[in-house]
Amino acid sequence: MSKNIRDLNITSFRETLSFVLNDQGDKNLIVLPKLSKIYFAYLPEDSGIFGKFTDIYGKILRAIHVTIDYSCDVYSISELMANIEKVPSLYELTIKFDLDYSKGYLLPNQLRQIGVNCRKLRKLSLNIHVLCNSTMTQIVQALNDNFPRLICLTFTGVIPYDYHLDSHTFGKCKHLTSLSFPNMTTNSKLFITNIATQGGKIG
């Protein structure tokens, strides 16, 4: 296995990832010392091995792109998020929720913890399925309060059709220069002004 691998794209996490974990369980022994980006699909049975992975690579990983399988339950999702928190070097995070609408309530608190512990995070992309305005408001509030250093924020998926942004929605994200929001509507012209004064753009 080449030690120069920087990007890793895997479909079967449990079966494939074992080759980047050393047999001795030594957290100081890194098989892929240049690894900075990983793409993977996450299943309920992957929670344990992903925890071992972040124990070893948490200080060097720069980007995580994960698709959470529909079969994941509350416990396995919580385990995933708790382990993402253990990657302080994280610069870019993409989370795609292939979930039913009933699990959207989990996100606000989990995002808060990631924001608190991953202070280098600058790019965040969320593919979510949320139908409730109150849950969406909590998600946005968690981002605004705990991700002040974001420069790029992307939402895809399903959000409440009548959810509105206003001039204070991301007021604490002073460095935000790129925002993409599905079916984006605003209830104030001040929102556009607010983004413009920060040098931002809306995608």
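The values are calculated or read from the model by the stated rules, or taken from the named source; none is laboratory data. Just so you know, these numbers come straight off a predicted model, no measurement behind them. Ideal geometry is used to build each Cβ from the backbone, glycine not excepted, and the neighbour counts take in all protein chains shown.
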message = Regarding the stretch 149-169, can at least one residue be identified that is of a type in the set (Ser, Thr, Tyr) and either under 15 Å from the mean Cα position of the chain (by Cα) or modelled with pLDDT of 95 or more (or both)?
response = yes
Residues of the stretch 63-86 being assigned to a helix (DSSP H, G or I) and polar (S, T, N, Q), in sequence order, are Ser76, Ser78, Asn83
Considering the stretch 1-10, residues that are assigned to a strand (DSSP E or B) and surrounded by 11 or more Cβ atoms within 10 Å (Cβ to Cβ), and then whichever is modelled with the highest pLDDT, we arrive at Asp7
Considering residues that are more than 17 Å from the chain's Cα centre (by Cα), closer than 20 Å to Glu79 by Cα, in a loop (DSSP other than H, G, I, E, B) and at pLDDT 85 or above, the number found within the stretch 11-58 is 0
Among residues of the stretch 74-94 being over 10 Å from the mean Cα position of the chain (by Cα) and either closer than 17 Å to Ile128 by Cα or small (Gly, Ala, Ser) (or both), the residue surrounded by the fewest Cβ atoms within 10 Å (Cβ to Cβ) is Val74
Picking from Ser134, Ser167, Ser178, Ser125, the residue that is small (Gly, Ala, Ser) and touching a Phe, Trp or Tyr at 6+ places or on another chain (Cβ under 6 Å) would be Ser167
